[in-house]
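Asker: Just passing along the structure, written as structure tokens.
The values are calculated or read from the model by the stated rules, or taken from the named source; none is laboratory data. From a predicted model like this one, the values you see are computed outputs, not experimental measurements. Because the Cβ atoms are built from the backbone with ideal geometry, glycine has one as well, and the counts that use them run over all protein chains shown. The area values use the complete protein model at the heavy-atom level, side chains included, leaving out ligands, DNA and RNA. Shrake-Rupley method; radii C 1.70, N 1.55, O 1.52, S 1.80 Å.
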Amino acid sequence: MSPNIVLVVTIGVLFAAGVYLLLERSLSRVLIGVILIGNGANLLFLVAGGAAGRPPIVGTEPEGQMSDPLPQAMVLTAIVITLGMTAFLLALAYRSWQLHRHDEVQDDVEDRRIARLAAVDERAFTDADTEIASDTLDVEAAEARDETDQGAPARETPREVRP
Amino acid sequence: MTDYTWLVPLPVVIPLSAAGLALALYRRPNVQRLVTVVALALVLAASVALLVLADEGPLVVDVGGWAAPVGIDLVADRLSALMLTISSAVTLCVLLYSLAQGGEDDEESAPVSIYHPTYLVLAAGVANAFLSGDLFNLYVGFEILLAASYVLITLGGTGERIRAGTIYIVVALLSSVLFLVAIAMIYAATGTVNLAQLAIRLPEIDPGVSLVLQVLLLLAFAIKAAVFPLSAWLPDSYPTAPAPVTAVFAGLLTKVGVYAIIRTQTLLFPDGRLDDALMWAALATMVIGILGAVAQDDIKRLLSFTLVSHIGFMVFGIAMATDLGYTAAIYYVAHHITVQTALFLVVGLVERAGGSTSLTKLGGLAKLTPLLAVLFFVPAMNLGGIPPLSGFLGKIGLIEAGVQLGTPLAYVLVVGSVVTSLLTLYALVKAWNKAFWQTPEEPRPPVRLPFGMVAPTAALIGVGLLLTVAAGPLYAYTERAAVSLTERTPYVEAVLPDGERGQGVSDDVAEEQP
């Protein structure tokens with residue numbers, strides 16, 4: 001049996017677009033990427049189940065023409081799980097927006113600290129990669145955004161949020 | 001012989017039901033605590049019983065009476081039972097620790113009403129992953145424990161935890177999708193997702209296809225287990241969570257990935273075509289992980305890097321694919337779960353006593369609380385592999401297996417693991433000197449460590465010492481587990497006694513079909 005070419009191409013497009021979006025910094029785009037990849041995986045299960053056929057009810061349908069019910073059951077489980085994760089990621093993105101007024105994933109502060117220590121060790125030469133130790137780490141981490149606002153840091157004071 | 005198979009689903013069913021009960025009782029914190037403790041104690045008892053029973057042969061349950069390849073089956077063999085016992089002991093200790101922490105201070109890391117149900121769901125997911133005899137059920141087990149871990153790592157929703165949690169969640173979601181794709185491909189290639197049936201069918205398909213399937217599964221599990229090129233998410237996300245949560249994550253979650261690698265490598269892909277690649281991955285994980293640890297200043301991050309590094313030891317044991325290698329790897333997993341969790345719990349106490357986790361700010365703790373110094377010293381030396389502790393025994397087992405294998409690559413790995421142990425010792429001694437012996441920047445007021453937090457930590461260190469004292473019988477047990485893993489037939493025959501169907505009652509329909 002050869003798989004349906006339309007499904008295969010759709011899966012490819014979904015995965016490509018999903019991977020591209022996953023590499024973004026903004027959490028909402030990452031979320032859409034996760035949804036696209038998840039749907040690509042679900043379609044893959046349909047391809048794995050073989051050609052579509054009659055409902056798989058023993059006794060009412062001829063057995064040779066039934067479709068395979070198992071992958072469809074697995075896809076249902078996967079869809080429910082993806083739904084739950086999507087809801088959680090949305091909540092996370094909203095919380096990030098509440099706290100910082102943007103939903104971008106920030107850099108690791110400790111990593112920058114270690115990089116800065118290494119840069120101090122190597123004062124013998126200075127190039128474009130050497131970090132200038134002027135700002136505090138928190139400011140630097142907050143500035144390390146590259147999509148919205150052309151990298152301008154979030155200046156708004158965080159809103160008071162009930163703990 | 002009495003039929004004890006009813007014990008097998010208990011480690012999954014008890015915590016899940018208790019989670020529902022705990023959620024319903026959110027207004028009664030005391031009852032909630034009681035429910036959680038009782039549930040996890042029952043799971044521990046059931047796991048110990050399974051540990052003893054599984055030594056006779058794997059216990060199999062076809063869930064709902066549906067025969068194995070069609071229905072889902074739960075299998076408790078020696079490996080699963082051992083993992084289950086260690087993990088339930090660890091979850092119980094960490095829970096008691098977090099209860100005491102919640103009683104002592106009302107900061108945001110203290111358990112809120114959602115903490116107990118989520119923690120129980122996490123325990124159920126871990127047990128489900130260990131017991132699953134079906135690839136898709138393994139995926140569901142992973143998702144259960146991951147969903148619970150997402151909630152636990154972002155507990156309280158502070159800015160720092162949201163940042164760390166985002167990275168953790170996106171990476172975990174990616175690995176889940178990879179796993180899902182692997183399952184779909186495997187189903188397309190073989191028409192089954194039952195592990196025992198896959199063990200029969202996978203050798204029959206095209207070797208190239210089966211290699212692709214193996215790579216996909218390994219990729220998915222290696223992200224979860226934090227094997228080197230895929231490990232960068234771990235030291236970034238773990239340290240921000242509350243101390244008990246970090247401890248249970250460090251102890252259990254990566255080890256579930258390691259367990260999945262052991263299971264699929266032995267049962268599904270015994271021809272070992274990727275062993276050399278795994279060897280290199282193990283070497284890189286060990287060395288690069290520990291170099292990261294040496295550079296750290298924050299003690300929680302230091303421990304997270306040693307966690308990554310020591311995953312390399314387990315992958316080394318798996319990559320050798322010999323009885324000796326698997327024996328040592330399984331023993332090492334058991335040792336590492338207890339010691340790493342204990343260390344993270346101790347660091348929680350250090351943070352309490354010293355007011356920080358930064359090694360430059362800490363100091364003088366040995367004078368302040370000598371008890372804490374002992375609590376840190378024992379598991380630290382254990383992790384570093386000082387004789388006669390269990391870390392030494394695990395490492396000597398791995399080195400012995402590597403020398404016996406005798407290939408040049410195995411010798412490189414042996415040297416790499418010795419260097420890694422020495423560097424682990426260096427990193428931990430550095431932490432020990434700075435946190436406990438250097439003169440603090442400003443004198444700290446004397447603190448009283450709450451008994452409720454010290455006792456579970458000490459108990460867990462005791463379990464670690466027990467692994468040393470009982471190393472003889474335990475090592476013999478892991479050896480039997482390893483031998484039955486490489487034989488493969490005990491597992492397959494237990495699930496599919498006639499090579500076709502399990503013991504369920506649903507095979508009357510199947511007989512009508514050609």
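Asker: Based on what the data block shows, is B:Gly103 in contact with a Pro (Cβ under 9 Å, 6 or more places away or on another chain), at positive phi and either modelled with pLDDT under 90 or away from every other protein chain (no Cβ under 14 Å) (or both)?
Answerer: Criteria not met by B:Gly103.
Asker: Something else about it: Just give me the residues in region B:1-57 being touching a Ser or Thr at 6+ places or on another chain (Cβ under 9 Å) and among the polar types (S, T, N, Q), in sequence order.
Answerer: B:Gln32, B:Ser47
Asker: From the list B:Leu74, B:Leu21, B:Leu25, pick out the single residue that is touching a helix residue (DSSP H, G or I) at 6+ places or on another chain (Cβ under 9 Å) and under 21 Å from B:Thr266 (Cα atoms).
Answerer: None of the others qualify; the one that does is B:Leu74.
Asker: List, please: which pairs have Cβ atoms under 7 Å, are six or more places apart or on different chains, and start with a residue in region B:190-213 that is free of Cβ contacts under 8 Å to residues at least 12 places away in the same chain and end with one that is in a loop (DSSP other than H, G, I, E, B) and open to solvent by less than 30 Å² (accessible area, probe 1.4 Å)?
Answerer: Between residues of region B:190-213 that are free of Cβ contacts under 8 Å to residues at least 12 places away in the same chain and residues that are in a loop (DSSP other than H, G, I, E, B) and open to solvent by less than 30 Å² (accessible area, probe 1.4 Å), the close pairs are B:Arg201/B:Thr192.
Asker: Select, from B:Val48, B:Val70, the only residue that is part of a loop (DSSP other than H, G, I, E, B), among the aliphatic types (A, V, I, L, M) and open to solvent by 40 Å² or more (accessible area, probe 1.4 Å). Outline the logic, then answer.
Answerer: Numbers: B:Val48 fails: part of a loop (DSSP other than H, G, I, E, B).
That would be B:Val70, the only listed residue that is part of a loop (DSSP other than H, G, I, E, B), among the aliphatic types (A, V, I, L, M) and open to solvent by 40 Å² or more (accessible area, probe 1.4 Å).
Asker: Sticking with this one: Of all residues in region B:161-213 being among the basic types (Lys, Arg) and crowded, with 20+ Cβ neighbours inside 10 Å, which is nearest to the other protein chains (Cβ to nearest Cβ)? Walk me through it before giving the result.
Answerer: In the first step, residues of region B:161-213 are kept if they are among the basic types (Lys, Arg); the result is B:161, B:163, B:201.
When the remaining residues are screened for being crowded, with 20+ Cβ neighbours inside 10 Å, the result is B:161, B:163.
Working: B:Arg161: 10, B:Arg163: 5 Å.
Looking at the filtered set, the residue picked out is B:Arg163.
Asker: OK, next. Would it be correct to say that A:Gln65 is more than 10 Å from every other protein chain (Cβ to nearest Cβ), of a type outside the set (Val, Ile, Thr) and closer than 18 Å to B:Ala184 by Cβ? Steps first, answer last, please.
Answerer: Details: more than 10 Å from every other protein chain (Cβ to nearest Cβ): yes; of a type outside the set (Val, Ile, Thr): yes; closer than 18 Å to B:Ala184 by Cβ: no.
When the stated conditions are applied, A:Gln65 does not pass them.
Asker: Now for a separate question. Being of a type in the set (Ser, Thr, Tyr) and closer than 30 Å to B:Val193 by Cα narrows it down to one of A:Ser67, A:Ser96, so name that one.
Answerer: A:Ser67
Asker: Restricting attention to region A:41-61, which residues are within 12 Å of chain B (Cβ to nearest Cβ) and either over 27 Å from B:Leu178 (Cβ atoms) or not in a helix (DSSP H, G or I) (or both)? Quick ask: steps written out before the conclusion?
Answerer: Taking region A:41-61 first, the residues within 12 Å of chain B (Cβ to nearest Cβ) are A:41-50, A:56-59.
Across region A:41-61, the qualifying residues are A:Gly49, A:Gly50, A:Pro56, A:Ile57, A:Val58, A:Gly59.
Asker: Sticking with this structure for a sec: Those residues that are open to solvent by less than 30 Å² (accessible area, probe 1.4 Å) and in a helix (DSSP H, G or I), I need them from region A:100-120; list them, please.
Answerer: If the condition is that a residue be open to solvent by less than 30 Å² (accessible area, probe 1.4 Å) and in a helix (DSSP H, G or I), then A:Ala119 is the only one that fits.
Asker: Give the number of residues within region B:445-469 that are assigned to a helix (DSSP H, G or I) and closer than 13 Å to B:Ala353 by Cα.
Answerer: Total satisfying the criteria: 2.
Asker: Moving on to the next point. Checking the structure you have, find out if any residue of region B:233-254 is surrounded by fewer than 23 Cβ atoms within 10 Å (Cβ to Cβ) and under 25 Å from A:Leu36 (Cα atoms).
Answerer: Yes, some residue in region B:233-254 is surrounded by fewer than 23 Cβ atoms within 10 Å (Cβ to Cβ) and under 25 Å from A:Leu36 (Cα atoms).
Asker: Condition test on B:Ala435, is it within 16 Å of B:Leu375 (Cβ to Cβ), in contact (Cβ under 8 Å) with a residue 12 or more places away in the chain and either out of contact with any Pro (no Cβ under 6 Å at 6 or more places or on another chain) or open to solvent by 70 Å² or more (accessible area, probe 1.4 Å) (or both)? First the steps, then the outcome.
Answerer: On the way: within 16 Å of B:Leu375 (Cβ to Cβ): yes; in contact (Cβ under 8 Å) with a residue 12 or more places away in the chain: yes; either out of contact with any Pro (no Cβ under 6 Å at 6 or more places or on another chain) or open to solvent by 70 Å² or more (accessible area, probe 1.4 Å) (or both): yes.
In short, yes.
Asker: Within region B:345-402, how many residues are open to solvent by less than 20 Å² (accessible area, probe 1.4 Å) and assigned to a helix (DSSP H, G or I)?
Answerer: Count: 27.
Asker: Please state which of the following conditions B:Phe451 fails to meet, knowing it meets all the rest: (1) within 21 Å of the chain's Cα centre (by Cα); (2) over 28 Å from B:Ile290 (Cα atoms).
Answerer: (1)
Asker: Further question: Can you find even one residue in region B:124-142 that is of a type in the set (Gly, Ala, Ser) and surrounded by fewer than 23 Cβ atoms within 10 Å (Cβ to Cβ)? Show your work before the answer.
Answerer: Residues of region B:124-142 of a type in the set (Gly, Ala, Ser): B:124-125, B:127, B:129, B:132-133, B:141.
Keeping just the survivors that are surrounded by fewer than 23 Cβ atoms within 10 Å (Cβ to Cβ) gives none.
No: zero hits.
Asker: Still on this structure, please answer the following. Considering region A:34-65 alone, what residues qualify as being more than 15 Å from A:Ile79 (Cα to Cα), touching a helix residue (DSSP H, G or I) at 6+ places or on another chain (Cβ under 6 Å) and open to solvent by less than 70 Å² (accessible area, probe 1.4 Å)?
Answerer: Those that are more than 15 Å from A:Ile79 (Cα to Cα), touching a helix residue (DSSP H, G or I) at 6+ places or on another chain (Cβ under 6 Å) and open to solvent by less than 70 Å² (accessible area, probe 1.4 Å): A:Val47, A:Ala48, A:Gly49, A:Gly53, A:Pro56.
Asker: Right, another one. B:Tyr150 is checked against (1) open to solvent by 10 Å² or more (accessible area, probe 1.4 Å); (2) at the interface with another protein chain (Cβ under 8 Å from one of its Cβ atoms) and fails just one. What number does that condition carry?
Answerer: (1)
Asker: Residues to consider are B:Leu178, B:Leu202, B:Leu213, B:Leu253; find the one that is over 27 Å from B:Leu40 (Cα atoms), within 23 Å of the chain's Cα centre (by Cα) and not charged (D, E, K, R).
Answerer: Values: B:Leu202 fails: within 23 Å of the chain's Cα centre (by Cα); B:Leu213 fails: within 23 Å of the chain's Cα centre (by Cα); B:Leu253 fails: over 27 Å from B:Leu40 (Cα atoms).
Just a single option satisfies the conditions, and that option is B:Leu178.
Asker: Still on this structure, I have one more. Residues being open to solvent by less than 10 Å² (accessible area, probe 1.4 Å) and at positive phi: count how many of those fall in region B:277-322.
Answerer: Number satisfying all stated conditions: 0.
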